[in-house]
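A short worksheet on the structure shown next.
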Amino acid sequence: MFSIGERVVHPIHGAGVIDDIVQERISGTVREYYVFKAPSNGLVLKIPVANVTAVGIRPIMTHDEVECFFAKIPLLEAEANSNWSKRYQENVSRLKSGDLCEVIRVIKSLMYRANHRALSTGEWKMLHTAKQIIISEIALVEGCTSQEVETRLDVAVMQKNALG
């Protein structure tokens, strides 16, 4: 159970804050909802408290976890299916997982692909969405700008694995 003011991450919308906990009656049933606000884009969601685990809401990373995360990025392999529709489906699945390593795999594969051939409009949007998921969380943890995080993220993603 989260409390008001707690910083959390939504797997698709990125980092935000539990702004309130409200009760609403829908179809005769009273349910509790978290009011989630994402400061990066002003998004406000009501998330049923009972569905938090299924949705994938989790606490925000700590500073130490951010540093470990950045250290892992060059070591993560990024594979991309050559078939556009299969590649897109795989990337959507990775984004929905809420696993930041899977999100980085999406970013890496799309950035490498963009450097070697053109991305479709859908893939550019997906790259932007994947970056925003990570950037919003790290900016909130580190207290820095989105641009600073994006620059650091781009450098880490483009680094070659020192072991390989």
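Any read-out appearing in this document is the output of simple, stated calculations on the displayed coordinates, not a laboratory observation. Just so you know, these numbers come straight off a predicted model, no measurement behind them. When we count neighbours, we look across all protein chains shown, and the Cβ atoms used for this are built from the backbone with ideal geometry, even at glycine.
When a/c reaches 1.5 or more, the comparison of a/b and b/c decides; with that in mind, is the chain rounded, prolate or oblate per its Cα gyration tensor? Cα axes put the chain in the prolate bin.
What FRET efficiency comes out for Ile4 versus His128 if R0 is 25 angstrom and r is the Cβ-Cβ distance? Round to the nearest 0.05. Efficiency computed from Cβ-Cβ geometry: 0.25. At full extension, Val49 and Asn115 could sit 19.5 nm farther apart than now, given 0.36 nm per residue minus the alpha carbon distance.
Near Leu43, the amide H atoms lying under 5 Å from its own belong to Ala38; only residues 5 or more places off or on other chains count, and H is placed 1.01 Å from N. By definition, a body whose alpha carbon gyration tensor gives a ≥ b ≥ c is prolate when a/c is 1.5 or more and a/b is larger than b/c, and the range 77-164 fits this prolate description. Let a ≥ b ≥ c be the square roots of the eigenvalues of the Cα gyration tensor of the range 6-58; is it rounded (a/c under 1.5), or, if not, prolate (a/b larger than b/c) or oblate? Because a/c hits 1.5 or more and a/b exceeds b/c, the range 6-58 counts as prolate.
Sorted on the mean count of surrounding Cβ atoms within 10 Å across their residues, most packed first, peptides 115-125, 56-66, 96-106 read 96-106, 56-66, 115-125. Structure remark: mean-square fluctuation, Gaussian network model of the chain, C-alpha springs under 10 Å; the largest value among Lys86, Lys37, Lys131 belongs to Lys86.
Close Lys pairs in the range 58-164 (alpha-carbon distance under 13 Å; sequence gap of 8 or more, or different chains): 4. May I ask for the angle, rounded to the nearest 10°, between helix 84-97 and the longest principal axis of the chain, with both axes built from Cα atoms and the value confined to 0 to 90°? Value to nearest ten degrees: 50. Summarising the label geometry, the points placed 7 Å from Cα in the beta-carbon direction at Ser97 and Val30 lie 4.1 nm from one another.
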